[in-house]
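Notes to accompany the following structure.
The values are calculated or read from the model by the stated rules, or taken from the named source; none is laboratory data. Please read these numbers as outputs of a predicted model, since none were measured by experiment. Neighbour counts run over all protein chains shown; Cβ positions are idealised from the backbone, glycine included. Please note that ligands, DNA and RNA were not included when accessible areas were found on the heavy atoms of the full protein model with its side chains. Shrake-Rupley method; radii C 1.70, N 1.55, O 1.52, S 1.80 Å.
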Amino acid sequence: MKNWPRSLLTWYYAQRRSMPWRDNPTPYAVWISEIMLQQTRVSTVIPYFERFMTQFPTVHDLAESDLQSVLKCWEGLGYYSRARNLHRCAKQIVAEFGGEVPGTYEALLTLPGIGPYCGAAIASIAFGEAVPAIDGNVLRAASRFFGLYTDITRPIARTDLFQRLLPASQSSKDPSAFTQGMIELGATVCLPKNPLCATCPLQKGCVALKTDTVSVLPVKKKKSPVPHYEVGIGIVWNEHQKILLAQRRETQMLGGLWEFPGGKQLGEETLEETVMRKIHTSTGVRVSVGQKLQTVEHAFTHFTIRVHAFLCQRDKGAARALGYSQVKWVAPDIISTYPLPAVDKKIWDRLSL
Ligand code: SF4
């Protein structure tokens, strides 16, 4: 099937879903959307994208904003290093590229938070450079189409598919539509289970379909089970009716966000002992632990947690940033103006209902 890129484009032009960044694909909009779409569904991203573009309509607006307002706008979208990198990246684009998102794959790869997938997506979608962007959806669809048996969790699989897709992107008359067509095909037709081969524009050339191996491709190593942690945190009040908030260090996961202090339960200790120990070692404050307020479960990519929130009272000790970048006593009515991790936000929203 020599002309499969043309079939893909014809299908894409007819089937493309409307999305705010597609309908007005400025380089800035494509960049923001591609960062948000990493590990995140389109339907989840749309309201975040629209809010972000209203609050930071240009690269300059983003570069001149403070990180806290960017994190607040990102709150709930997860993978917060993306937001920190966006902010850093905007500053670099202003300093080195006069505020214009650079228009080549090579130049994009020099920016923080832009890897091969994102660089290729921006270069091809926004600037029409013939360079294939390979996300998880494309890995799956292309593995089946070419009949690739390499484990797709290995970098070699991505390199191999890049080499196979590059001439197809180059031969297509519209590399922007080629990239979006491949991503769209993986997202809406070449589904992980029960792909819609009967309606697929690539069915005539698909090796997996011809060899009846659709259900065994792509080859993907099974993930090992993720660890689980029990976590105790404190909603700590002081004598001035303020609550202790702590900002996570930039180098930590969820860096820059503010949380109710606490941490992982160790060995045989009770959750109350965990809360006392962690708050003392990370903020210097000694607390008495009262009733349990609630329990929230949360899954990250590499582990899961069950967080137990306790009502606490400060006994003694001034708050110091021992295990955090900052600690603060905050009036309850302004806590929701701070960017909080999803678990802390859920706990606080429930408490303040
Ligand atoms: S024919 Fe089926 S398996 Fe092959 S690319 Fe299309 S949807 Fe995927």
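Looking across Gly186, Gly205, Gly256, one residue alone is more than 16 Å from the ligand (Cβ to nearest atom) and either over 30 Å from Ser33 (Cα atoms) or open to solvent by less than 60 Å² (accessible area, probe 1.4 Å) (or both). It is Gly256. Does segment 113-123 hold any residues that are open to solvent by 10 Å² or more (accessible area, probe 1.4 Å) and not in a loop (DSSP other than H, G, I, E, B), and which are they? The answer is Pro116, Tyr117. Listed by first and then second residue, the pairs linking a residue in segment 124-149 that is not assigned by TED's automatic domain parsing to the domain that holds Gln170 and open to solvent by less than 30 Å² (accessible area, probe 1.4 Å) to a residue that is of a type in the set (D, E, K, R) and part of a helix (DSSP H, G or I), with Cβ atoms under 7 Å apart and 6 or more places separating them unless they lie on different chains, form an empty list.
Within segment 5-46, restricting attention to residues that are more than 15 Å from the chain's Cα centre (by Cα) and without any contact (Cβ under 8 Å) to a residue 24 or more places away in the chain, the residue that is nearest to Gly99 (Cα to Cα) is Asn24.
Okay, residues lined up against (1) modelled with pLDDT of 95 or more; (2) in a loop (DSSP other than H, G, I, E, B); (3) buried (at least 20 other Cβ atoms within 10 Å of the Cβ):
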residue	(1), (2), (3)
Ala14	yes, no, no
Ser18	no, yes, no
Trp21	no, no, yes
Val30	yes, no, yes
Met36	yes, no, yes
Gln39	no, yes, no
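Within segment 229-261, the set of residues being small (Gly, Ala, Ser) and over 22 Å from the mean Cα position of the chain (by Cα) comprises Gly232, Gly234, Ala246. Do we find that Phe49 is within 23 Å of Thr188 (Cβ to Cβ) and either modelled with pLDDT of 95 or more or open to solvent by less than 10 Å² (accessible area, probe 1.4 Å) (or both) in this structure? Here the answer is yes, as Phe49 does meet what is asked. Going by what's in this entry, would Lys210 be described as within 16 Å of the ligand (Cβ to nearest atom) and either surrounded by 11 or more Cβ atoms within 10 Å (Cβ to Cβ) or closer than 27 Å to Arg16 by Cα (or both)? Answer is yes for this residue. For Val226, the conditions (1) surrounded by 11 or more Cβ atoms within 10 Å (Cβ to Cβ); (2) over 22 Å from the mean Cα position of the chain (by Cα) all hold with the exception of (2).
Checking segment 154-168 against the condition returns a match, with at least one residue being exposed (fewer than 14 other Cβ atoms within 10 Å of the Cβ) and in a loop (DSSP other than H, G, I, E, B).
Does Glu272 meet the test of being charged (D, E, K, R), in contact (Cβ under 8 Å) with a residue 60 or more places away in the chain and either under 15 Å from Ala309 (Cβ atoms) or outside the structural domain of Tyr324 (by TED's automatic domain parsing) (or both)? Before the answer, list the steps.
Working: charged (D, E, K, R): yes; in contact (Cβ under 8 Å) with a residue 60 or more places away in the chain: no; either under 15 Å from Ala309 (Cβ atoms) or outside the structural domain of Tyr324 (by TED's automatic domain parsing) (or both): yes.
So Glu272 fails the test.
If you go through segment 297-316, how many residues are in contact with a Lys or Arg (Cβ under 7 Å, 6 or more places away or on another chain) and open to solvent by 30 Å² or more (accessible area, probe 1.4 Å)? Residues meeting the conditions: 3. Hey, any hits in segment 231-243 for a residue that's at pLDDT 95 or above and either within 13 Å of the ligand (Cβ to nearest atom) or of a type in the set (Gly, Ala, Ser) (or both)? For segment 231-243, residues at pLDDT 95 or above and either within 13 Å of the ligand (Cβ to nearest atom) or of a type in the set (Gly, Ala, Ser) (or both): present.
Considering only residues in segment 295-314 that are at pLDDT 95 or above and among the polar types (S, T, N, Q), the one that is nearest to the chain's Cα centre (by Cα) turns out to be Thr304.
Remark: pairs (first residue in segment 188-205, in contact (Cβ under 8 Å) with a residue 40 or more places away in the chain; second residue more than 8 Å from the ligand (Cβ to nearest atom) and among the aliphatic types (A, V, I, L, M); Cβ separation under 8 Å; 6+ apart in sequence or on different chains) = Pro201/Leu8; Leu202/Met1; Leu202/Leu8; Lys204/Met1; Gly205/Met1. Look at (1) touching a residue at least 60 places away in the same chain (Cβ under 8 Å); (2) within 16 Å of the ligand (Cβ to nearest atom) and you find that Lys173 fails only one, number (2). Residues considered: Arg277, Arg248. Of these, the only one that is modelled with pLDDT of 95 or more, among the basic types (Lys, Arg) and open to solvent by less than 60 Å² (accessible area, probe 1.4 Å) is Arg248.
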